[in-house]
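Have a look at the structure below, then the notes.
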Amino acid sequence: MASSFCLSSGIQSSSFSILPKVALISRQLRPVIPQPPLHLRTRETRFKICQKFSSSEAALVSCCYPSDHRTNPSTGSVKKEIANNRSDDGGKVIGKEEEVVCNLSTSWIDLHLPKAVRPYAHLARLHKLSPTWSITLASPSSKLLDIKMLVLFGIGSLFLRSVACVINDILDRDIDAKVERTKSRPLASGFLTPYQGLNFLVLLYLGFLLQLNNRRVTTAAINLLLSPHKEANILGWAAIEGSLNYVISLPLYVSGVFWTLVYDTIYAHQDKEDDLRVGVKSTAILFGDQTKVWITGFGIASIITLWLSGYNASIGWPFYVSLIAASAQLAWQIWTVDLSNPADCSKKQNTLKDGLTRTGSDAGSDSNSDQQGEIKRRGIDLSQGMIKEAIAKEFNVENQLMNNPNATFRIVDLGCSVGSNCFTSINDIIEGIDLKFKTYFQGLELKQTATPEFQVYFNDIASNDFNTLFASIPLEKHYFASGVPGSFYGHFFPRASVHFINSSTALHWLSRVPKETGDIDSSASNKGRIHYTNASDEVFQAYSTQYVMDMEAFLLARGHEIVYGGLMFILVPAISNETLVSQTSPGLFLDVLGSCLMEMAKMFVACVLNIVDEAKVDSFNLPVYFTSSKQVKELIERTGCFTVERLEKLETVFPQSSGDAQIISNHTREVVEEIIKQHFGLSDNALHKLFDLYSKKLVDSLSIFTKLEDKSFQMFLVLKPNDFIIAS
C-alpha cells in the first residue's frame, strides 16, 4: 500500500502542476470550425494509391490522410494531384502536380491499431517508450525486479509523457503546420481538431484520477518539479524504498533534466531552418555554432549526476561499468552527429535516448547491494574461514563415527532471521565437515566408508517469516531443513543430540526489556531515551543484569543439548573492555534513532496528530546490549559448560559517506521496524517519515562518526563443550 500511495500521490501532484496549462489551452482554443492543414487551405487534394505499394504500406499512408495517395516508390515521396476549385477562364479546372515529402511510418501503431485510433496514438507518441530508471535503481540486486512496480510506473511514465506531448501539440499546432517535419502531426494537419485534442487530454487525466487515493501523501516539493516525465523518475524510488531520499532521487532528477537538454537540442536542429523562418525560439538557434560545446557540457553534467545518484545508493560495480559504456556512447553520438542533416539528427537523438534508457535500467538491476543484510554479511564473511579452520582442528571424525556410525550430523542456527545470510554459515559448517571426512580417510589410505548427512534446524522467534526463509533455501542444498520457533534462551533439543550450533549477530538481543527502565517511578527509568546509551548508571546496570541472566540461561541450555566433541560458533556485536557504549558507533546509531522519535513526537503533537507522543517514547526501550570480551569470558567460565577455543575481534562498520549512512539506516529499519510499529502503532507512512529523518540525521552526523575512535567490533567465538557437563 505504501508504494501505491507514493505512485498515486505523485501522479496527482503532477496533475496539479499541469492543470493550469490545460486552462490556458482552453482559453486559446478557437471555435470548432474544421479546417484543412495550413499548407493545403483553399485547395482540394486527391490521392491515389500506387499499385506498386503493398497493402500494408498503403494503409500506413492512408492513416495520415482521409484521401487516397499516389506514391513514387523510388523516392518514397507522395505526389499530390491538386486541382484548383476555380480558375480565371470561367470554370475550366486547371490541374497540376507537385511533389512533397511524406514520411512513411512503420510503427506498430499504423500496422495494428484501428484506423480511428491511430491519430490519438500518434498524438500521445505511444510508439516511443518511456524509461523506468528509478524502479531498477531502487530494486535490490539479490531479488528480481518488482514486476508490479515496473508495470505501474511504466504505464504512469508513458501516460505522463503523453500528457506533455498532447499539451505541446495543442499549443504549437499553428507553428507545427509551418514546419516540414511536424506538419503531418494529427493536430497540425487538421486531422484532429483542437477540441478533440483537449478531450483526449481530459480523458488521460480521468484515467489517472480514477486510480488515485482520496488524499495526498507526498511533500509539497513534488509540485515544484519541472516536467511530468521527470517526476516519474523520482517517484519510482519512493515507491520501492517507501521514502523520497533526496540524496539519491534529486541527482537522478537533475540527470534527467541535463539528458533532456542534450537530446532535445539535437532534436531541435531538425527544424532549425523552419524555426528561423517562422520565428520560433529553440536551443538549436540559441547555441548556434557552439551547440556541440553546450551539449557536451550537458552530457557531462548528466553522467556526473547519474553517477552521484548511484554512488549515494551504494550500488555495485556493474552500474559503473554500464555508466562508462554510456559515457562513451554519449561522446560518440555528440561528436559524430551532423547537425546540418535532419535525418542524422533524428537518428542520433533517438539512439541517444534509447542508449541511456538501457544503461539506467541495466545499472539499476544491480542496485542497493542488498543493503539490509550488508552489515551482518560483512561479519559472516570475515568468519567464514575461521569456521572451517576450527572444524579441521577441533572436530574428531573417529570419535564421532564411534558414537554416530551413520554419520548423521545435526546443525542448529539460532536467531536465523530471513535472507541469504542465513545459509552462509551453515554451508561453511557442512563444507568443513565434508573436507574433514575426506582428509581423515585419505590420511588412513582407506576408501571413505561413510558419507555425512546433515539435518539443519533454523531457529528464531515465532514471528519470524519462516515461509520466506524456506522459500529462499537454495535448490542445490545438501541437507534436510526444519524450522524451530521460539526463544533461544530456552531448551529446544534432547540431551547430547546436536553436533554443531551457530549464532550470528543474535545474542546482543535480550529476552526482554529490563522492567525498571519503563517504570517512571524507578531510579532506572530511561525517560527520553530508547537505549542505555548516554543513560544513567542505574539504566546501564539494569541492562547488564538482564544480559547476564540471559547469557547464563543460553550457555546452560546449549551445554545440555550439544554432543561431546561438538562445536559452537558465535558471532556477536561487542565493545572494548571498560568502554562506554556512547563511545561506539552502534550506541550512537541507537541514540540518533531515539532523538528522531522524540523529534517526531514533538512534531506530531504540534500538528495535533498524536501518532507519536513523548509518553510512548519514554516507555519504549530497545532490548539490545553490547557485551565485551571480558564479560563473555567470565560468564563462560562461571557456567562451566564450554571452553573458549578461539576468540577473534573483527572489524565493524560505521558510516564514512552518505552511502554508508543509508546502509546503516536500512539495516536498522530492518531489525527494529516491527518493534517500533507494534509499540507506537505507526502507519507505514509514519514509519517512512521516521526512517527518512533517521537517514538525514546520520548523514548530518558523519563528521562525528569519522572523528570517532570506534571501539566496537564483531566478536567471533569458537566454543567446545566440557566433557563433565555431557556426562552429568
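Details
- Hits in segment 615-641 - residues which are part of a helix (DSSP H, G or I) and among the small types (G, A, S): A615, S629
- No other residue among P514, P485 is surrounded by 12 or more Cβ atoms within 10 Å (Cβ to Cβ) and in contact with a helix residue (DSSP H, G or I) (Cβ under 6 Å, 6 or more places away or on another chain) apart from P514.
- So L330, is it over 16 Å from the mean Cα position of the chain (by Cα), modelled with pLDDT of 75 or more, outside any helix (DSSP H, G or I) and surrounded by 15 or more Cβ atoms within 10 Å (Cβ to Cβ): no
- Subset of segment 670-728 that is without any contact (Cβ under 8 Å) to a residue 40 or more places away in the chain and of a type in the set (S, T, N, Q) - its residue that is nearest to S619 (Cα to Cα): Q678
- Long-range neighbours under 6 Å by Cβ, at least six apart or interchain, first residue farther than 17 Å from L571 by Cβ within segment 499-526, second assigned to a strand (DSSP E or B): H499/F409; H499/R410; H499/V563; H499/G566
- Criterion applied to V412, V456, V397 was being more than 29 Å from L650 (Cα to Cα), modelled with pLDDT of 85 or more and of a type outside the set (F, W, Y), and the one residue passing it is V397.
- Restricting the search to strands (runs of 3 or more DSSP E) fully inside segment 479-590 and requiring at least 2 residues that are modelled with pLDDT of 90 or more and more than 39 Å from the chain's Cα centre (by Cα) gives 498-504, 562-575.
- Segments classed as helices (runs of 4 or more DSSP H), wholly inside segment 226-316, with at least 1 members that are modelled with pLDDT of 75 or more and farther than 30 Å from D700 by Cα: 246-268, 272-278, 283-287, 291-312
- Check on I433, aliphatic (A, V, I, L, M), in a helix (DSSP H, G or I) and within 17 Å of I562 (Cβ to Cβ): yes
The values are calculated or read from the model by the stated rules, or taken from the named source; none is laboratory data. Please read these numbers as outputs of a predicted model, since none were measured by experiment. Neighbour counts are summed over all protein chains in view; Cβ atoms, including those assigned to glycine, are modelled from backbone coordinates with ideal geometry.
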